[in-house]
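Engineer: Take this structure, written in structure tokens, and hold onto it; I'll ask about it next.
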Amino acid sequence: MAKQPWAGESIVLVGASYVGYTQWSVADAVPPQVKAMVPVVSNATFTMAFNHEGGFALETPFTWAVQVERQERRFANVRNALEEREILRAMGTLPLSQADVGLLGHRNS
């Protein structure tokens, strides 16, 4: 982006959620034009949300993937909250690789 003619001398990276996480992922390699970063609703240790005491918890990445899949639906935030039990039930699907199909009716790739 810094090489684009419209970029100018100063760039500020701003974004919430996933866009905030992408800022953390490039923070150690930004060009000098990047003067500030404003990651909102994110943190620098995203992996800690699903790495617990030497194990791997699927609740955070699975729930996030389902929310992203369904975010364009009308009243998505309310509907996601109401469907939380359904999401948790789907995580009990075996084989686990079919949990998205059981919940969404198709692969969430």
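Engineer: How tilted is helix 59-70 with respect to the longest principal axis of the chain? Cα atoms for both, answer in degrees (0 to 90, nearest 10).
Structural biologist: That works out to roughly 80 degrees.
Engineer: Kirkwood Rh and Cα-based Rg: tell me the resulting Rg over Rh for region 33-89, rounded to two decimals.
Structural biologist: Values: Rg = 14.8 Å, Rh = 13.6 Å.
Rg divided by Rh gives 1.09.
Engineer: Just want to confirm a number: the relative contact order over the chain, from Cα pairs under 8 angstrom separated by 6+ residues, in percent. Mind showing how you got there, number by number?
Structural biologist: Working: 96 pairs, mean separation 19.1, N = 109.
Dividing the mean separation by the residue count of the chain yields 17 percent.
Engineer: Expressed as a whole percentage, what fraction of the accessible surface of the chain belongs to carbon and sulfur atoms when a 1.4 Å probe is rolled over the protein heavy atoms? Write out the running numbers ahead of the final one.
Structural biologist: Details: 4590 of 7920 Å².
Its accessible area is 58 percent carbon and sulfur atoms.
Engineer: Length gain on complete extension for the stretch ASN108 to ALA36, per 0.36 nm per residue less the alpha carbon to alpha carbon distance? Could the numbers behind the result be given before it?
Structural biologist: Values: separation 72, 0.36 × 72 = 25.92 nm, distance 3.40 nm.
Gain on stretching ASN108 to ALA36: 22.5 nm.
The values are calculated or read from the model by the stated rules, or taken from the named source; none is laboratory data. Here the structure is a predicted model, which is why all the values come from computation and not from measurement. Each accessible area value is taken on the protein alone, full model and side chains, heavy atoms only, with ligands, DNA and RNA left out. Shrake-Rupley method; radii C 1.70, N 1.55, O 1.52, S 1.80 Å.
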